[in-house]
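Below is one structure; the comments refer to it alone.
The values are calculated or read from the model by the stated rules, or taken from the named source; none is laboratory data. Note that the coordinates shown come from a computational prediction; the quantities given were computed from them, not determined experimentally. Neighbour counts are summed over all protein chains in view; Cβ atoms, including those assigned to glycine, are modelled from backbone coordinates with ideal geometry. All accessible areas refer to the heavy atoms of the entire protein, side chains included, with ligands and DNA or RNA removed. Shrake-Rupley method; radii C 1.70, N 1.55, O 1.52, S 1.80 Å.
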2 protein chains.
Amino acid sequence: MELYSERGFDQTTVAEIAARAGLTERTFFRHYADKREVLFAGSEMLTERLVSSVAGAADSSTPLDTVVAALEEIGALIQESRGRDFARARRSVVAANPGLQERELIKLASWANTLAGALRERGDKDPTATLAAETGVAVFRVAFDRWVGDGNDLDLPALIRESLGTLKGLTGDYRRPATERAQTPPVERTLRS
Amino acid sequence: MELYSERGFDQTTVAEIAARAGLTERTFFRHYADKREVLFAGSEMLTERLVSSVAGAADSSTPLDTVVAALEEIGALIQESRGRDFARARRSVVAANPGLQERELIKLASWANTLAGALRERGDKDPTATLAAETGVAVFRVAFDRWVGDGNDLDLPALIRESLGTLKGLTGDYRRPATERAQTPPVERTLRS
């Protein structure tokens, strides 16, 4: 990640990565198919975690709450394992490279597919399952962007819950007053006005 | 589209497309950068339409309703211009080719970005704007999949509205009864049970 940040993704070679990490190229390739996959490491483990979280959800949990709880779980994992500085550096590298942006879109689309499948496994029907999964991933993306982007030290799982709250406000009879602060949940807004 | 369906996207050459359409290759390239762009023709026009629809929405329209109304508008355009048989053939071609699937994801991501920008233009703040845009596109995708996939002759804009209704049900205090029909909005379900 240091090398990608310093000289750009395209300009970095696997030989340089291996040298910086004190490994042989051969060892590198035992772990990663190519230098792109370094940025998507752990993705399979996260996908498995999404599936097991949905499978373990209470029967009374709504499809959307189930999906968002699963995404909160992996949000906590991401935050604890590599942390926000890594995520921020990674974001800059991905943002500078259209190929990586595509790969990122594909990753999120595959999460949505996985989540929809896991919901169907527990008995949710389509289009509900797909809609809950796609919407949950949208909730995650917005929260993740804030987590990576904000100057202050916010908690990713809390941001995901907050993002779900914002969505729930949006689908209610939310009306936009002239001087709204969009982040404020509708209930608070009503109390203040 | 005939050629893509008959022999696959990769196996079709621009020369063959031009011959089938009774054009020279030169004329083809005046309209499309490459053979991939044939499948994404009209995308710019649709994007412009999304922006103008959001810009023209009533001030009282919620961000999510505004986005979904814009997507309904282009849903109607897609249905009227090329129709469902075209969409169905196109879907098969795209599904068979990972590169085209990626391009499709990018198209939808760019719609979401465009819609979020248009919402911000009318005064909606982030994360509300981004969340409404991303969620709206999820609503559209689910509706579009049903439109293309279903055997019967459904109306795309109506499916988009229905998909929004499903989402609104999902974010309420939706609980999944043992024998639910997921498509049924919660209000009806309550009345029946």
- Task: Counting only residues that are more than 9 Å from chain A (Cβ to nearest Cβ), over 13 Å from the mean Cα position of the chain (by Cα) and crowded, with 23+ Cβ neighbours inside 10 Å, give me the helices (runs of 4 or more DSSP H) lying completely in the stretch B:81-174 with at least 2 of them.
- Result: B:98-121
- Query: Pick from B:T135, B:T128: which is of a type in the set (S, T, N, Q) and closer than 17 Å to A:A109 by Cβ?
  - Reply: B:T135
- Search the stretch A:46-58 for residues being free of Cβ contacts under 8 Å to residues at least 12 places away in the same chain and farther than 16 Å from A:S110 by Cα, and hand back the single one that is surrounded by the fewest Cβ atoms within 10 Å (Cβ to Cβ). A:A58
- Residues satisfying the stated conditions in the stretch B:2-43, i.e. of a type outside the set (D, E), part of a helix (DSSP H, G or I) and under 22 Å from the mean Cα position of the chain (by Cα): B:Y4, B:S5, B:V38, B:L39, B:F40, B:S43
- Query: Could you say whether any residue in the stretch A:60-76 is assigned to a helix (DSSP H, G or I), at pLDDT 95 or above, among the hydroxyl-bearing types (S, T, Y) and under 18 Å from A:I160 (Cβ atoms)?
  - Reply: yes
- Output for the stretch B:66-80, where each listed residue is free of Cβ contacts under 8 Å to residues at least 40 places away in the same chain and open to solvent by less than 50 Å² (accessible area, probe 1.4 Å): B:A69, B:I74, B:L77
